[in-house]
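Quick notes on the structure that follows.
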Amino acid sequence: MSLLVVGLSHRSAPVSVLERASLAADAQVKLLQDTLAAEPATEAAVLATCNRIELYADVDKFHAGVAELSTLLAQHSGVGLDELTPYLYVHYEDRAVHHLFSVACGLDSMVVGEGQILGQIKDALALGQELHTAGRLLNDLFQQALRVGKRAHSETGIDRAGQSLVTFGLEQLAEGRDPAAWAKGKRALVIGAGSMSSLAAATLARAGVAEIVVANRTRARADRLVEILGQAGGASVAAHAVEMASVSDELTRADVVVSCTGATGLVLSAEAVAGALGLDFAPHEAPAAPVAAPPVELDQHAAWVENGSATAQAQAVRRVTLPAQSTGPVRLALLDLAMPRDIDGDAARLDGVRLVDIESLAEASADAPMAADVDQVRTIVADEVAAFGAAQRAAHITPTVVALRTMAAGVVAGEIARLDGRLPDLDEKQRAEISQTVRRVVDKLLHAPTVRVKQLASEPGGAGYADALRELFDLDPQTVAAVSRADLNDPNRGRS
């Protein structure tokens, strides 16, 4: 196994960089295709969410793999390599497995313990399977990550350590009040009809808002979300869909707005928010850009794997000046869960407006206390990483063991055929008894060595046992390779 992950997240990069580096669906497809076409990679998968972009690959060379994956991320994200490099982190082999399992459990999320990441990991695997870029290693890895994440949520109280971004965002909007009491009776406008917007609408309905208006670029999806809200048991909320062109009108009647679309530009400008509230708006003069971090050579990624200095360096330059929030009673609460952002940050300066976005959520969650259950989840992750590594090492020798037993079966068949030629007068019962005896002898001779070699191969440093077995028994490499291909091409293998 030569698993490599190169990526950036809210822990290593400021939101302004994450916004620019976000990958649309078509960009993810092209990134996977180009990664597989690159020489060091034989498999690839991309995990792209609102606060992380990670490229996973099975590579045959570490340094070449880091350089290639970093370059591809820069090319497809639109952020120059020199600017992107200081914010990248690199994990290799067992560390890469540990990272993904931690991500799946919500340990690396902006809100620790949130479970939405499991659906995003499942989507990443499905895309890799659809494009045939996820092979044996990544299929096994992502399937196991999903199981580990589910185990963490079912066996521990990690759910108590955090919640979804939607719930956390509403808590920030409520400013210390009970979110349900704060939301009760309010009119809500939800912009977008994807998974996050749907979750927001459902959360608002449960919180007791009086009305939900859904606006989406595709009206049919907005209608579908409204239908789902109407079917949800226990949620007595009036819901209806509107065209995106009606957002300005709906904004004048809304008390809270949640926006999460896939738009590349702003959906709500500060001018539009000001107009809905009958306020004048003076454009905000942006502060001077922070001094860029010095370029970091790709060769340093090897050291980052060991000491984590990439994250430390990135955090050292992670200082973003935000517009000051307005003071006084809140007339309009805005929750922006999109990446890149949907709502102009300058809207926060308007009188009576409170804006919470991904960046402010990241800052708030950084100070949130960690639940004791996190330690239990970390233990689960460590155990599962060890088990996954052992299983992968054991699986590496399986084709060789199968080839050995195939060769032994061929030897037995040849000897029985020779015996038939020399003793043609044997009846069927005698021939069957002799054949069974010879097969039992061969099976008993091979049983202990094959069981022991699987055990040895599953231990760290056990990769050489497959080579030793092939050499000792003079196994045909083509036969071993054929067994590997047959397993890899199994249509039922690794499907989610």
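Numbers at a glance
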quantity	calculated
Separation between Cα centres of segment 380-421 and segment 64-133, rounded to whole Å	34
Counted charge near ALA21, where neighbours are those whose Cβ lies closer than 11 Å (Asp, Glu -1; Lys, Arg +1)	0
Added length on full extension, which subtracts the Cα-Cα distance from 0.36 nm per residue, ARG217 to VAL451	78.3 nm
Probe 1.4 Å, all protein chains present, accessible-area order of ASP420, ASP425, ASP375, ASP108, largest first	ASP425, ASP375, ASP420, ASP108
Charge context of ALA348, other residues only, Cβ under 12 angstrom, K/R +1, D/E -1	-3
Ordering of 332-338, 384-390 by packing [mean C-beta count within 10 Å, highest first]	332-338, 384-390
Peptides ranked, highest mean first, by Cβ atoms within 10 Å: ranges 357-363, 411-417	357-363, 411-417
Net charge, ALA338 excluded, C-beta distance under 14 Å - Lys, Arg +1, Asp, Glu -1	-3
24 Å Cα-Cα reach of LYS30 towards lysines, excluding residues that sit fewer than 8 places from it in its own chain	LYS61, LYS122
Heavy atoms of MET407 accessible to a 1.4 Å probe, total area in Å² rounded to 10	70
Cα gyration tensor, segment 1-143 - rounded (a/c under 1.5), prolate or oblate	rounded
Neighbour-limited loop hits for GluC sites (Glu not before Pro), segment 216-275 (at most 15 other Cβ within 10 Å; DSSP other than H, G, I, E, B)	GLU243
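The values are calculated or read from the model by the stated rules, or taken from the named source; none is laboratory data. All values derive from a computational prediction rather than experimental measurement. Heads up, the Cβs are rebuilt from the backbone with ideal geometry, glycines too, and the neighbour counts pull from every protein chain shown. Note: accessible area is taken over every heavy atom of the protein model, side chains too, but ligands, DNA and RNA are not part of it. Shrake-Rupley method; radii C 1.70, N 1.55, O 1.52, S 1.80 Å.
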